[in-house]
Every structure is written in structure tokens, then in C-alpha cells.
Amino acid sequence: MAGWCVGLASFLFEYDTPRIVLIRSRKVGLMNRAVQLLILAYVIGCYHTHFAEVEMESPKFKQWVFVWEKGYQETDSVVSSVTTKAKGVTVTNTSTLGFRVWDVADYVIPAQEENSLFVMTNMIITKNQSQGSCPELPDKTTICNSDANCVAGSSGTHSSGIATGRCVPFNETVKTCEVAAWCPVENDTHVPEPAFLKAAENFTLLVKNNIWYPKFNFSKRNILPNITTTYLKSCIYDAVTDPFCPIFRLGKIVESAGHSFQDMAIEGGIMGIQIKWNCNLDRTSSLCLPRYSFRRLDTRDVDHNVSPGYNFRFAKYYSDPTGAEHRTLIKAYGIRFDIIVFGKAGKFDIIPTMINIGSGLALLGVATVLCDIIVLYCMKKRNYYREKKYKYVEDYEQGLGSEMDQ
């Protein structure tokens, strides 16, 4: 208990103040300067992570630096709008549809989306459907031998309609439960290979992107000032020869992401077109340029590939001369192109400059702490240095009172 009281008294009634001790030692001096240089290199070379203008080829290697990362700048995130326009025409000649020409109005569904575009590359078509009763597709739940196997009014998750309770022939050998539905029912058990619109590989996509940095009131678009109408009609994006052309060939987009367009076109998928705007507004605005990259966004696992690709259904309705309603049902497979815009802009500002310089200089105190630890606890002459470092002084008033008492 007494020891605890002494410790508490020492804590409450003692005051530490720094004391400057000049140690003339080559080892300690060199160590101190080395630590200071390392900290200074870190402050200048690795301290701030605000804004990157220089990007290395490897995505795993990033230089987070006060000078290169623009720690002296105020930053703002991009505000963006995107519009797209596809172009391309192809022709098919099949037993189902006969000779047919396909243009943008046929394969871009819907005509406009926000920051994305869907291009149909494959399909399953069920023509001339009408409301009525017909046999369901055969599977383990619909095959029957008599009406007793069919429950009237029932419908499963994957049913084409509502069961009537009758067991009817599907073909010469198989009977299935009859359903009230759009007849004949769709048969989507086999996806066409190769893709129905395999020529979509050569279709092109124009991406128009406008950006705005509200904090700096700076705006720009990816159709750069030097791009003319004549150039825009003939250019195709290439990462090496034409990196700023905003027109992309669909096959090249998928290829740049490391995939085969013809394989992807069969069951569809989702591609990301990434546009990065990293702008240093302390320099001329002409150096603020878009950088394009491509990535497949839907998961494609060879070992576990359940429900792959991207598809949906839509129908085209019409009436015959008698007024009866019919439709053509289309299960569309295709590639959705999502345009993803991101980036930051930076401009000099005194406040972040002073904050980062002050924070960096404060780190220099680490050199003193580290050298003190080594000198006082690790070196052979630590006891000698400790005597020089610390000086114990009693309370002057208490000492004066003791002398007066004597």
C-alpha cells in the first residue's frame, strides 16, 4: 500500500521537462541522420495517397508519394454522364425466319439505357403463339400416363401455364399434362451454337462521356477538341495506335478483357467499359485525358458454371385479319456493356499543403525517440548516457524551508 502511495505521489507531484544532451558519437550521429533521411524520404516519397497522376504498368505497383500523389492539392471526384450508339448490319438465312436483315433497331434492346447498352447475339424464337391449351414440355414433373397424374389449376415455378388437369399427347411416344398458356409453349432446352448473330463481333459502339468536377467548375468530354467529324467516322479504338478514339469494336472489347467474343455470344454476359479520368488541373486542361480499360463483370467459373451468361424474354404482339391476338416470343441472349466512369481531379490548395507538411515534419520526432531508446537501453555505455540525459532536482521551496529550519 505504501509503495502504491509513493507511486501515486510521484505521478502527481513530479514534472518531466526535456533536456538537450549533445552526444559526440559517430555511431549515434550516423544512426540519427540515417533515420531522419529515411523518414524524410518517406514523407516526400510515400506519405500521401490523395491523387495519382503517374501510374505504373503493373496494377500491383502504386507509388503513393507527396510530390507525385499531389499531397499539396485539393481533390474532387468526377460527375459523369454517358450516352451510347451502336452501329452494324448483318443478315441471316434460317429455316425458322428465312432471309432477314438485322440492324440496330433489331438487336439493341431497349433502344436506350442509363450508362449501359445490351446487344442481342443469340436467341430462341417461338413464332405464332396464341392463347389456348396445349401440352407442356416433357420433364419429370409433366410427363403423365392419365388425367390422374395432372392436377387442375396447378403451376410450378418453371411452368409455361396453368394445368387443365388433362393428360394429352406431346408427340407419338410421350404424353404430358396440358396447360392453358401461350401456345405452342417455348422450348429453350437447346441454345443455338454458334451464336445466331455471330457477326455482332464487328459491330461498333460509340461512347460519348461528359465529365464535370464541380469543386473546380471544370468540364470535359471524351470526344476531344482535336477530333473531327471525318476522323470520327473512320477511327476505331486501339490501345496503342488510337487510344482516344471513342468508337469501339465489340469483338475487340471482349478480346481486350481476355475472352472470346464467339464463346461469350452464345449464352451472353456482361462487359465493363471503364473510363478513368485522373486530371492534374495545375497543368493545362489538354493533358486531362480519358483512359479506357475493359473487364468481364459476370462470373465465369469453369468448375461451377450454373446459370451462366445473360438472357431475358420479350414478345412482339400482333393481330391476324380476324382480330385474334398472336405474339412472337424471343428469348434473347446477349452482351450488356456497362460504362463505368471514375477518377479524381486535383488542384493546388494551401490548406492540404500545410496539413501534409506539418504532419510530415512531426514524423521527424520519431528519429529522436528511436535514438534515445538505442542510446539509453541498447548501448554498452547506456548507464553513462542515462546519467547525462536525466538530472533529478528536488523542489526548491522544500529545500529552502529545510535550510531555514536548521
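The values are calculated or read from the model by the stated rules, or taken from the named source; none is laboratory data. Predicted model, so just to flag it, every value in this text is computed and none were measured. Heads up, the Cβs are rebuilt from the backbone with ideal geometry, glycines too, and the neighbour counts pull from every protein chain shown. The protein model used for the area step is the full one, side chains on, heavy atoms only, and it has no ligands, DNA or RNA in it. Shrake-Rupley method; radii C 1.70, N 1.55, O 1.52, S 1.80 Å.
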*Identify, from the list GLY343, GLY399, GLY309, GLY323, the residue that is of a type in the set (Gly, Ala, Ser) and at pLDDT below 80.*
GLY399
*For the subset of segment 322-358 comprising residues that are of a type in the set (Val, Ile, Thr) and more than 22 Å from VAL119 (Cα to Cα), which member is least open to solvent (accessible area, probe 1.4 Å)?*
THR353
*Test ALA180 against the stated conditions and say whether it is assigned to a loop (DSSP other than H, G, I, E, B), among the small types (Gly, Ala, Ser) and not assigned by the TED database to the domain that holds GLN112.*
no
*Of all residues making up segment 90-106, the number that are without any contact (Cβ under 8 Å) to a residue 24 or more places away in the chain, surrounded by 13 or more Cβ atoms within 10 Å (Cβ to Cβ) and not charged (D, E, K, R)*: 1
*Among residues of segment 272-302, those that are acidic (Asp, Glu) and either surrounded by 15 or more Cβ atoms within 10 Å (Cβ to Cβ) or under 20 Å from the mean Cα position of the chain (by Cα) (or both), counted*: 2
*asked:* List the residue pairs whose Cβ atoms are under 7 Å apart, where the first residue sits in segment 163-174 and is in a loop (DSSP other than H, G, I, E, B), the second is surrounded by 12 or more Cβ atoms within 10 Å (Cβ to Cβ), and the two are 6 or more positions apart or on different chains.
replied: PHE170/PRO135; PHE170/PRO138; PHE170/THR176; VAL174/PRO138; VAL174/ILE143
*Using the structure shown, decide if TYR318 is free of Cβ contacts under 8 Å to residues at least 24 places away in the same chain, part of a strand (DSSP E or B) and hydroxyl-bearing (Ser, Thr, Tyr).*
yes
*Exclusive hit being in a loop (DSSP other than H, G, I, E, B), in contact (Cβ under 8 Å) with a residue 12 or more places away in the chain and of a type in the set (S, T, N, Q), set SER159, SER154*: SER159
*Quick check, is HIS190 modelled with pLDDT under 95, closer than 23 Å to GLN129 by Cβ and not assigned by the TED database to the domain that holds ARG327?*
no
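Residue-wise test of (1) at pLDDT below 95; (2) of a type in the set (S, T, N, Q); (3) more than 30 Å from VAL185 (Cβ to Cβ).
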{"site": "ASP298", "(1), (2), (3)": "yes, no, no"}
{"site": "ASP303", "(1), (2), (3)": "yes, no, yes"}
{"site": "PHE337", "(1), (2), (3)": "no, no, yes"}
{"site": "GLY360", "(1), (2), (3)": "yes, no, yes"}
{"site": "ILE374", "(1), (2), (3)": "yes, no, yes"}
*Identify the residue in segment 114-150 that is hydroxyl-bearing (Ser, Thr, Tyr) and in a strand (DSSP E or B) and, among all such residues, is surrounded by the most Cβ atoms within 10 Å (Cβ to Cβ).*
THR121
*Find all pairs meeting these conditions: Cβ atoms under 8 angstrom apart; at least six residues apart or on different chains; first residue within segment 233-250 and under 16 Å from GLU201 (Cα atoms) and in contact (Cβ under 8 Å) with a residue 24 or more places away in the chain; second residue outside any strand (DSSP E or B) and aliphatic (A, V, I, L, M).*
ILE247/LEU232; ILE247/ILE236; PHE248/ILE236; ARG249/ILE236; LEU250/ALA200
*Pull up segment 237-271, narrow it to residues that are farther than 14 Å from ASN222 by Cα and in contact with a Lys or Arg (Cβ under 7 Å, 6 or more places away or on another chain), then point me to the one that is surrounded by the most Cβ atoms within 10 Å (Cβ to Cβ).*
ALA265
*Can you name the condition, by its number, that ILE162 falls short on among (1) open to solvent by 20 Å² or more (accessible area, probe 1.4 Å); (2) touching an Asp or Glu at 6+ places or on another chain (Cβ under 9 Å); (3) not assigned by the TED database to the domain that holds TYR318?*
(2)
